Amino acid sequence: MAIRRRKKPSLVLPLSSMGDIAFLLIIFFMLASNFMKTNKVELEKPASPDLEQQEPPKSSVVMDKDGRIWYEGAQVQPREVTEALKTLAEKNRDLAVHVAIDKALKRRDFMPLIEAISESGAKLILTGEKEN
């Protein structure tokens, strides 16, 4: 009695659809990146000769020259910054928030933002440019 070997099933992957999927993903990311460019914040950072390199930000807040507050690219109010940072601070006890404030703003303009970040319990790091 002869023992017959089973034929191994041949595996054929339809690779023609992979090209379509890759092409659609490229188009999606091109369109999505254009949406992110619409919230461009113009900011003139203050300069100082005493700046130090800091840890990379886990979160960032920007206040532009018109006094608008931008948290992670979206325009928000100070209380929304506090709420968002509180949820992040619960997950990460050493949360460092990089804050960029336009140099044309006065203390009375940016103090509500500083207070809102302080209430969240996050570590506040002010950013600027190195002065020559």
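Things worth noting here:
- Cβ separations smaller than 7 Å between residues 6+ apart or across chains give the following pairs from the range 53-71 residues that are touching a residue at least 60 places away in the same chain (Cβ under 8 Å) to residues that are in a loop (DSSP other than H, G, I, E, B) and surrounded by fewer than 16 Cβ atoms within 10 Å (Cβ to Cβ): Ser59/Glu72.
- The set of residues in the range 77-88 being surrounded by fewer than 17 Cβ atoms within 10 Å (Cβ to Cβ) and either more than 10 Å from Ala122 (Cα to Cα) or modelled with pLDDT of 90 or more (or both) consists of Gln77, Arg79, Glu80, Glu83, Thr87.
- Selected residue (only one of Lys58, Lys91, Lys130 is among the basic types (Lys, Arg), at pLDDT below 85, under 17 Å from the mean Cα position of the chain (by Cα) and loosely packed, with under 15 Cβ neighbours inside 10 Å): Lys91
- Filter result for the condition that a residue is at pLDDT below 80 and touching an Asp or Glu at 6+ places or on another chain (Cβ under 6 Å), over Ala47, Ala96: Ala47
The values are calculated or read from the model by the stated rules, or taken from the named source; none is laboratory data. Predicted, not measured: the structure shown is a model, and the values here were computed from it. With ideal geometry, Cβ positions are generated from the backbone for all residues, glycine too; neighbour counts draw on all protein chains shown.
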